[in-house]
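Here is the structure we will look at.
The values are calculated or read from the model by the stated rules, or taken from the named source; none is laboratory data. Since this is a predicted model, take the numbers as computed values, not measurements. Positions of Cβ are generated from backbone atoms using ideal geometry, with glycine treated the same way; all protein chains shown enter the neighbour counts. We work out accessible area using only protein heavy atoms, side chains counted, and drop any ligands, DNA or RNA first. Shrake-Rupley method; radii C 1.70, N 1.55, O 1.52, S 1.80 Å.
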Amino acid sequence: VSATFRLVQLYLGTCTSTSRFKIHVILVCRTDLRIPPHLRPLQSQPYLFTLTDCDVRGEFYDMRIGDRTKHTNSVAAEGINRNVVKIGNETKECTPLDQYPVDTWTLASSFASKEIARKYLTRHWESWVTEETIAKIASAGLTHVKIPIGHWILGDIRDGEPWVDGEWKYFRRAVSWCRKYGLQVIADIHTAPGSQNGFDNSGQLLSQKTARHWLSHPDRIARSVKAVGDVARTVKDEALDDVVTGVEILNEIYSDANITTVKQFYEESFEAVREYLPYATVVASDNFDAGQFNGFWTDSNKYKDTLLDTHLYTVFSEKLRAMSPKQHVAFICGNHYNIELMKCCWDDDGRSQGLGRIIGEWTASYDTLVGAEINVVFDEIVSWMVSLLLPGSAVALPRYM
C-alpha cells in the first residue's frame, strides 16, 4: 500500500499489502459526534439535528450570548429534556421535537418556512468549520480535505424540494483557508436527486437501500451530470482550481444500480469535470463492487488521475463490532479486504494504466453503531446543552461525544 496523501473529510493509519497496483490510502475524520470538543466551535451547539420547537419557529439563541437556565421540572421518564431559553428579555420554554430529523430533507422540512431553515443552516455554516479547524488539520500533517456538498449547492432546487442553498460561499471560505495553510481540496458531490442509495448521506433517507429512485429517471441523472459540471465551472470561474484539485462525481451509488447506466453517467461526468478542470483528479464510487470496473477508464492519457473509491466500514454487524482492535486490523489487512481490493483495476494486459484506487472512507467507531442509538445520543446532547449553560457549572460530556 502506498500512502500518497492524507485527507480529512469535513461534513462541510494504513496497513501494508503486497498488491501489484498502487492503492492511495487516505485518513478520513468525519465531523460527527465523535470529533473532539476542541474541534467543535462552542457557538455551533446544539448539534444540528437536535431541533426544538423554538428552532423551527425561528427563535434561535447563541450559546456565547444566550442566557439559559435549567428547567427543574424535566420529566426524565418521558424521555423529554426541556429547555428554558432567555432570548433578549424574553424567556422561552423550548421542547425538543418528538422525532428528530434524520437527514437534510427532514431537517429542512422541519421549519415553518424555507427562510427560517436558511437562517438556521446559515448559523451552522458560519460556525461549524472555522479557520482554527483548518489550521489544526494542517498542523496534524494532513494534505487534503474532502468536502461533501449537496447537488443543490449552486441553486438547482425544484418545486417541492426542501433543499436550502447559500452554502457555496462557505465552501469558498473553506477553500481560502485551505489555500492559506497549504491544503488541497476534493469537492465531493455527495447527493443525487431522488437519492442514489437510500442512505441518509444522500440527503434523503428512504425506506430501502436502492439507486433506482435516481437511476431510473433520466432527468435526475441529467441533473447530477449538470451539478458536477456546474461545480467544476464555478471552481474555475472563481479561480479556486489551485486548491480544488479533485472532484468526486457522486458518493456511494448503491449496488443495485445498472452498471452500464452508471458507467455512462461516470463518462459524462468525467467530461463535465475535465471541460473546466483539465488537470483535476476525478474520483468515482465503486458501487460496493469494484470488480465491475475492470477494463473501465484504462487509457493512461485520457484517464490520467482517475480513482475508484472504496469505503471500508467494519461496524455494521454484531460480529464485526465484537472484534478486538487487533482482530479488526487482521480482518481489514487480511484476506477479506485484500480480495476486495484485488478485484480492480485491470485491463486485458494486466494492471490498468488509467483508473487507480483509493480507500476514501472507513470508520473509527469500530465497536459502536451510533446510528442505532441516535435518539439516545440526541437526548443526551440536549440534556448536556441545558446543563452546560449553568454559570460556573462543571459539565461532563455526553458519553457518545
- line: Expressed in µm² per second, the diffusion coefficient of the stretch 119-209 from the Stokes-Einstein equation, with Rh the Kirkwood radius over alpha carbon pairs, at 37 °C and 0.692 mPa s, is 225 µm²/s
- request: Evaluate the relative contact order of the stretch 243-350 (contact order divided by residue number), counting alpha-carbon pairs under 8 angstrom at least 6 apart; express in whole percent.
  value: 29 percent
List Arg274, Arg123, ordered by accessible area with a 1.4 Å probe, largest first: Arg123, Arg274
query: Can you give the percent of C-alpha pairs in the stretch 291-350 whose distance is more than 14 Å?
result: 65 percent
query: Amide H of Val145: which non-local residues (sequence gap of 5 or more, or other chain) have their own amide H closer than 5 Å, using H built in the peptide plane?
result: Val8, Gln184, Val185, Ile186
- prompt: Of Lys169/Lys326; Lys146/Lys263; Lys209/Lys319; Lys146/Lys209, which sit over 32 Å apart, Cα to Cα?
  reply: Lys169/Lys326
field: Segments 363-374, 126-137 sorted - mean Cβ within 10 Å per residue, highest first
entry: 126-137, 363-374
- prompt: With the other protein chains left in place, how much accessible area per residue, in square angstrom, belongs to the stretch 82-191 at a 1.4 angstrom probe?
  reply: 43 Å²
message: Suppose all protein chains stay in the model; what accessible area per residue would a 1.4 Å probe give for the stretch 205-244, in Å²?
response: 49 Å²
statement: Listed by chain and number, the aspartates and glutamates with an alpha carbon less than 17 angstrom from that of Lys236, same-chain partners under 8 positions apart left out, are Asp188, Glu248, Glu271, Glu275
query: For labels at Ser207 and Asp242 in the simple 7 Å Cα→Cβ model, what's the distance in nm?
result: 5.3 nm
message: Can you list residues from other chains, or at least 5 along the same chain, whose modelled amide H is less than 5 Å from the amide H of Glu248?
response: Ala187, Asp188, Ile189, Val283
task: Kindly write out, for the stretch 159-165 in residue order, the coupling ³J(HN,Hα) from the Karplus curve 6.51 cos²θ - 1.76 cosθ + 1.60 (θ = phi - 60°), rounded to whole Hz, with x marking Gly and Pro.
output: 4, x, 9, x, 3, 10, 8
- line: Sorted list, accessible surface of protein heavy atoms, 1.4 Å probe, largest first, for Cys333, Cys345 is Cys333, Cys345
message: Using only the heavy atoms of the protein chains and a 1.4 Å probe, how would Lys319, Lys343 rank by accessible area, largest first?
response: Lys319, Lys343
field: Whole-number D in µm² s⁻¹ for the stretch 201-314, Kirkwood Cα-pair radius fed into Stokes-Einstein, 37 °C, 0.692 mPa s
entry: 221 µm²/s
